[in-house]
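Only one structure is covered here, and it is reproduced in the block below.
Every number in this text was worked out from the coordinates using simple rules, so none of it is lab data. Everything numeric in this text was worked out from a predicted model, so none of it was measured.
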Ligand code: DCP
Ligand code: MG
């Protein structure tokens, strides 16, 4: 096992609920419950303010409503959470090629492999900067654990919650674990926990005292043996990057739509360069170049081109992105641009530039309305498949008049807001945005033609360079 606390575990705080609070100023500091609102709905998560009442993930929504009748109840907006998750994972990938996401809001990072930390001091510094960056880029807080193993890093981030950083010094692990419940160990669920308790073992220290033979007797060779090792804080599991299923991509949302075609081209070049920087930072190369364009009306197109071999050459990526852009009409204005590389390999070949240009097999496709291009695209090959995957990931936004609690709307006169409630032919809207103060509530007829469904706004104002243009 390593001797420095260079494995980092990040877990965002009350993730879905925090995203909703960031989007809706009137809910900050308030009890917010996100989940299914139908009769059989369950709580996905809730804000820390709601946890005080005993509400928690996976609880039936009806029970949550009894415990916290005055909380705000919202349905999840996965598109928004996925975008934030991509921003967070992007920041993690800047720290190391070894990033292992566990869910939308949680990942392990091997800082040593990224040479961003090698001892306690550098690990603390890197983690502190990461937390500040996450806050600046997403507007949300995440908690970070640092330790010499995955198990301890995860325990540390749990202790750090909310909005904290905990480092477990190598050498202190066993003393720290000893009084804790066996349930803290990975792989110990309620059933194993009960089984151990019947065998007279309820703390991690008691596992260590019982000895390996006793554990194997109770739980069998594989499970018993591995639990005994974990109890002694022996956890050699490496951080495993999911590079085969991921792509490296960067994107920017512009405060003001870009209309100037020359400006769009320049932005695409800049994004291509940034994407290559990130690719190289991760010691990767990729075969498929993906361009993503979200237009003024939120229609989102992806175009991709698959080269014969992988590249990490900025000129190749720039040229491919520019070629892809030529097939996209941007006259109405562009609000988001992205460049990604997928089909990743962890080697590069110097001479691919010439080869790639000659061999470039252009595969264009249009994924109307699909967002999230460049992320999650498969590595296996044809651009066609990737487009299909992107479409499946995020279906076209529903354009029917369906006022879902928590979703964004736009009113011709009052501007951007969100649905606070609806029913009996009425819809109540609170008019506020991530950057505004708490807003006013107004009620409309649910068939009011001045009201339309809107996309989530970015939680943090971005790209100062573009401000004031367009
Ligand atoms: N989630 C879900 N259903 C669950 C658990 C979680 O839909 N049973 C979703 C909602 C959470 C997100 O996954 O916001 C992340 O899960 P976490 O367990 O990390 O919980 P939170 O981030 O909400 O809170 P915490 O601060 O405890 O991490
Ligand atoms: Mg979390």
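Brief remarks follow.
- Shape of the range 25-87 from the C-alpha gyration tensor: oblate (a/c of 1.5 or more and a/b not above b/c, with a ≥ b ≥ c the square roots of its eigenvalues).
- Rounded D (µm²/s) - the chain, Kirkwood Rh over Cα pairs, Stokes-Einstein at 4 °C, 1.567 mPa s: 53
- Percent of Cα pairs in the range 108-162 per distance bin of 5 Å, from zero to the largest separation: 5, 19, 27, 29, 16, 4.
- The range 293-344 versus the range 110-140: alpha-carbon centroid distance in Å: 30
- Rg and Dmax of the range 1-171, based on Cα coordinates, read 16.9, 52 Å.
- Span from the the range 419-455 Cα centroid across to the the range 25-42 one, whole angstrom: 17
- The value given for the range 174-231 is a Kirkwood hydrodynamic radius of 10.8 Å, derived from the mean inverse Cα-Cα separation.
- Principal axis analysis of the Cα atoms in the range 258-323 yields extents of 36, 19, 18 Å, listed in decreasing size.
- Per-residue ellipticity at 222 nm, computed for the chain from helices alone with -39500 (n - 2.57) per DSSP H run of at least four residues, works out to -10000 deg cm²/dmol.
- Note on the range 408-453: Kirkwood radius taken over Cα pairs, Stokes-Einstein applied at 4 °C and 1.567 mPa s, translational D equal to 124 µm² s⁻¹.
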